Amino acid sequence: MKIEVQSKKGLRTILSVIVDKKTIQIKMDERLSELQKEVALKGFRPGKVPPSVIKSQFGKSVYGEVIDKVLRETSTKAISEKRLKVAGQPKIDLKQFGEGKDLNYELQIDCLPNIDLKPLNNLKIDNFKIKIDKKIIDEKLSEIAQQNKIFVDKKDNEKAVKGNKVSFNYSATINGEKFDGSEGKDVQIELGKDLFLKGFDEQLLGVKKNDVKSVNTSLPVNHPKKELAGKKTTFECKILNVQDSEDRKIDDNLAKTVGAKDLNDLKSLIEKQISSQYSQALNSITKKEILDQLEKIHEVELPKNLIDQEIMLMTKNLKPEEKEKYKTDNEKLAESRIKLGLILNDFGEKNNLKVSDIEVQEEIQKQIKRMPGQEKMVLEYYQKNPSAAQSLKGSLYEEKIIEFIKSKVKLNTEEIDTQKAEKIISEFNKSNIDDKKSLKTKSSNKEKVKSKKISKK
């Protein structure tokens, strides 16, 4: 095999590779010999088919198979011999091929750039430490108490009012006819929440134990059985019980109801949960600032093929006219992503940062713990989808690099309360939206940080 550098411009190198015809022929003969032992043709005993017949029958397909294999092997060897760090998939341009001829092709390679990593000790990064006010914990405790109300039986002659729990059996009909699922036993609803069917709760106001009440309503328009969707329905309800709610004391018993050891343990768990959620959001902001500064201080020549691949992934769900409209903006976003990816990877490689299989399994176990009752499903997902585990490994690798960088920069750490955290998160999200309002890609909102007001529910 003969390998020569045809041209070298920037990150792009073109190699000329020649594989002599003798090498091709040897591999052809080897494969044809294998086939002679494998194939069974009418009129010949197994393994006794003449080589000429084998070649006549399978010569063209074998040649294609051999050439494909030779291209893979020789291109890998050529890249290795020239010590090229390949970015993306090399392109092969066949110049000469055919039986009895040398194989001659050009190998176009876009290489990874050599990055001059800048010192990190001069970078100043804002970092936030969240402090959870006692008032927020108390509010969450009140919510938990409200969600776990105690209901006690009302007197038989007392009417149901909003907030009461009503238990009943029902038999339903559509135009006087029963249907599949038309009966229900010991159904319980809290009047006023309107969770059963729209308008159902209101019609049960004023009922007493042992009453029979007709309720007229409609089945949901998204009913799983299309023939029943939106149909006007009459429910004959036999009232079994009416219960009134009592305020739940915020004490050890409440804590045990929701799985905590005692009230202090519950308060601690609430504080950790809210703190963790705010911290995730604020850490995302710190990460964005780190990435912005890394991009700003580094000059990196970018492989065009990686940019093209990124644009293709970003815009694959867009219409042609949308691709054209947002072409410039998407090119800039793709360049930014590739640049940061290369910088981070270089930091990882030069500082010997790695993610072990054990760390991946530990992260999977953490995910399992966060999804009680779905442990088997999560585990099977990663077992059946190796690419998902690989993607998880990539995410862990990136986070490890970010943490390494955080340890090297000057962190301006400020302790803040939840009110200020909400303001910072809101301003960050607004700024992010403004920055991306002209962009249109399938993943244009990935960087948005969730407001943690939601997390308190």
Q | Rg/Rh (Cα only; Kirkwood hydrodynamic radius) as it applies to the chain | A | 1.14
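Quick one: putting +1 on the C-beta of Lys and Arg, -1 on the C-beta of Asp and Glu, what dipole do you get for region 176-255 around its Cα centre, in Debye to the nearest 20?
440 debye
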(Q) In 10 Å bins starting at zero, report the fraction of Cα pairs in region 150-246 per bin as a rounded %. (A) 16, 49, 26, 8, 0
Q: Quote to one decimal, in nm, the extra length available between residue 238 and residue 41 on full extension: 0.36 nm per residue of separation minus the C-alpha distance between them.
A: 63.0 nm
Q: Quick one: grab Rg to one decimal and Dmax as a whole number for region 259-385, Cα atoms only, in Å.
A: 20.7, 61
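Lys and Arg at +1, Asp and Glu at -1: add these up for the other residues within a Cβ distance under 9 Å of residue 125 and post the number. Present the calculation step by step, with values, prior to reporting the outcome.
Values: positive: 124, 406, 410; negative: 126, 289.
Result for the neighbourhood of residue 125: +1.
Set the Förster distance to 45 Å, then compute FRET efficiency between residue 147 and residue 332 from the Cβ-Cβ distance, nearest 0.05. Can you show the working numbers first?
Working: r = 47 Å, r/R0 = 1.05.
Result of the calculation: an efficiency of 0.45.
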Q: Enumerate the helices in the chain for which the Kyte-Doolittle hydropathy averages 0.0 or more and the C-alpha atoms extend at least 15 Å along the helix's axis, using complete DSSP H runs.
A: 304-315
Q) Hey, got the Cα dimensions of region 1-124 along the principal axes, in Å, largest first? A) 81, 30, 18
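Hey, with R₀ at 56 Å, roughly what FRET efficiency would residue 268 and residue 82 work out to, going by the Cβ-Cβ distance, to 0.05?
Working: r = 60 Å, r/R0 = 1.07.
Working from the Cβ atoms, E equals 0.40.
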Q: Note down, for region 342-431, the three equivalent ellipsoid semi-axes (square root of 5 times each alpha carbon gyration tensor eigenvalue), biggest first, whole angstrom.
A: 29, 22, 12
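For every other residue with a beta carbon closer than 14 angstrom to the beta carbon of residue 412, add +1 if it is Lys or Arg and -1 if Asp or Glu, then tell me the sum.
0
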**Q.** Loop-located GluC sites (Glu not before Pro) in region 257-337, at most 12 other Cβ atoms within 10 Å (DSSP)
**A.** 299
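Values quoted throughout were computed directly from the atomic coordinates according to the rules given, and no laboratory measurement underlies them. Note that the structure is a prediction, hence the values are computed from the model and not measured. No Cβ is skipped: glycine too gets one built from the backbone with ideal geometry, and neighbour counts run over all protein chains shown.
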